[in-house]
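Have a look at this one.
The values are calculated or read from the model by the stated rules, or taken from the named source; none is laboratory data. Predicted, not measured: the structure shown is a model, and the values here were computed from it. Cβ: placed from backbone, ideal geometry, glycine included. Neighbour counts: every protein chain shown.
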Amino acid sequence: MACPPTSSSRPTPARPSATSRKPSRASTASRRARRRRGAAKRNGHLLLAEAETSTWGSSWPLVADVRNGRRGLVLQPDHLDGDALFRTPFPRMARAEFPVGRGVYVESGRLRRVQIPVAD
């Protein structure tokens with residue numbers, strides 16, 4: 001048997017559901033970036049990303065896409081960069097072997113030393 005409402009009973013206000021909220025600018029930008037990465041991948045386009053090595057350890061979707069490609073260029077590399085960025089171990093390399101503009105190009109686990117032009 002249900003109890004009749006008393007004078008102290010107040011209706012609870014309706015709360016907006018999580019799906020009815022307006023998306024934030026960050027989430028909208030994230031969705032756009034995800035669509036563009038997907039289109040670039042499907043069409044074989046180059047995805048260029050730049051960051052410090054410590055940033056590549058994060059779990060952002062963009063970072064995961066770049067790391068999963070296992071292809072890229074590292075300028076003035078450290079031997080730990082290979083595992084951190086490409087899941088490919090780099091041999092021990094002396095920093096003196098890599099002046100400004102010199103680096104390593106990695107593709108499918110293979111390393112090639114490269115030199116890019118540097119403007120004065």
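Tell me whether region 29-40 contains one or more residues that are loosely packed, with under 14 Cβ neighbours inside 10 Å, of a type outside the set (S, T, N, Q) and in contact (Cβ under 8 Å) with a residue 24 or more places away in the chain.
Checking region 29-40: at least one residue is loosely packed, with under 14 Cβ neighbours inside 10 Å, of a type outside the set (S, T, N, Q) and in contact (Cβ under 8 Å) with a residue 24 or more places away in the chain.
Filter region 95-119 for residues that are touching a Pro at 6+ places or on another chain (Cβ under 8 Å) and assigned to a loop (DSSP other than H, G, I, E, B); which is surrounded by the most Cβ atoms within 10 Å (Cβ to Cβ)?
Ranking the qualifying residues of region 95-119, first place goes to Phe98.
Would you check which residues across region 70-85 are touching a strand residue (DSSP E or B) at 6+ places or on another chain (Cβ under 8 Å), of a type in the set (D, E, K, R) and not in a loop (DSSP other than H, G, I, E, B) and list them?
Hits for region 70-85 are Arg71, Asp81.
May I ask you to list the residues in region 52-69 that are in a helix (DSSP H, G or I) and among the acidic types (Asp, Glu)?
Answer for region 52-69, where residues must be in a helix (DSSP H, G or I) and among the acidic types (Asp, Glu): just Asp65.
Quick one: which of Asp65, Asp78, Asp83 is charged (D, E, K, R) and under 19 Å from Ile116 (Cβ atoms)?
Within the list Asp65, Asp78, Asp83, the selection yields Asp78.
Which residue pairs have Cβ atoms under 8 Å apart, sit 6 or more places apart or on different chains, and have a first residue in region 92-103 that is over 11 Å from Val74 (Cα atoms) and free of Cβ contacts under 8 Å to residues at least 60 places away in the same chain and a second that is among the hydrophobic types (A, V, I, L, M, F, W, C) and assigned to a loop (DSSP other than H, G, I, E, B)?
Val100/Val118
Let me ask another. Inspect all residues belonging to region 17-30 and state whether any of them is closer than 20 Å to Thr88 by Cβ, over 11 Å from the mean Cα position of the chain (by Cα) and at pLDDT 70 or above.
The answer is no; no qualifying residue exists.
A further question follows. Return the residue satisfying two criteria in turn: it lies in region 60-94 and is acidic (Asp, Glu) and in the same structural domain as Glu107 (by TED's automatic domain parsing), and of such residues it is surrounded by the most Cβ atoms within 10 Å (Cβ to Cβ).
Step by step, filter region 60-94, then rank; the result is Asp81.
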